[in-house]
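Readers should treat all values here as calculations from the given coordinates under stated rules, not as data from a laboratory. Fair warning: this is a prediction, and the values are worked out from it, not measured in the lab. All Cβ positions, even for glycine, are placed from backbone atoms using ideal geometry, and neighbour counts span all protein chains on display.
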Amino acid sequence: MLLLEIALWRDVKTLSAYKPQRGRRLGADYVSREFLSKAEKDLPHRVGKRFSAAVRSCFLFEEETKDTTEFEQRMFFKKNVVEPLERIG
């Protein structure tokens, strides 16, 4: 979420088009899907492919690393988020 906020220069509270009824919360899956869609649509032309791909990897982390070891999860994050962000500059 933080990388998405940085890329769009907007607070995450202002990014969601859906406004829940008072006292109800949005489900994590809904929020994640909505923000992933926004990132895929809006980020590449704003911040470039590397930053966009890093944001996408963060949103898909759980799905992409399901049934993997902690070491494999850390390597996925390093390869798909940390290293691409290091190359931006």
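Where Lys and Arg each count +1 and Asp and Glu each count -1, what net charge lies around Gly89 among other residues with Cβ under 14 Å from its Cβ? For residues surrounding Gly89, the net value is 0. In order along the range 77-83, the Karplus-derived 3J(HN,Hα) couplings, from 6.51 cos²θ - 1.76 cosθ + 1.60 at θ = phi - 60°, round to 4, 4, 5, 9, 10, 5, 5 Hz, and Gly and Pro are given as x. Backbone geometry of the range 39-56 corresponds, through the Karplus equation with coefficients 6.51, -1.76 and 1.60 at θ = phi - 60°, to 3J(HN,Hα) couplings of 5, 5, 7, 9, 7, x, 7, 8, 10, x, 5, 5, 4, 4, 5, 5, 4, 4 Hz, x marking Gly and Pro. With the convex hull of the Cα atoms taken as the outline of the chain, the averaged projected area works out to 6.5 nm².
Lysine pairs in the chain whose alpha-carbon atoms fall under 19 angstrom of each other, counting only those eight or more residues apart or on distinct chains, come to 9. For the range 63-75, 3J(HN,Hα) computed residue by residue from phi via the Karplus equation (6.51, -1.76, 1.60; θ = phi - 60°) reads 5, 6, 10, 4, 6, 10, 6, 4, 4, 5, 5, 5, 5 Hz, glycine and proline entered as x.
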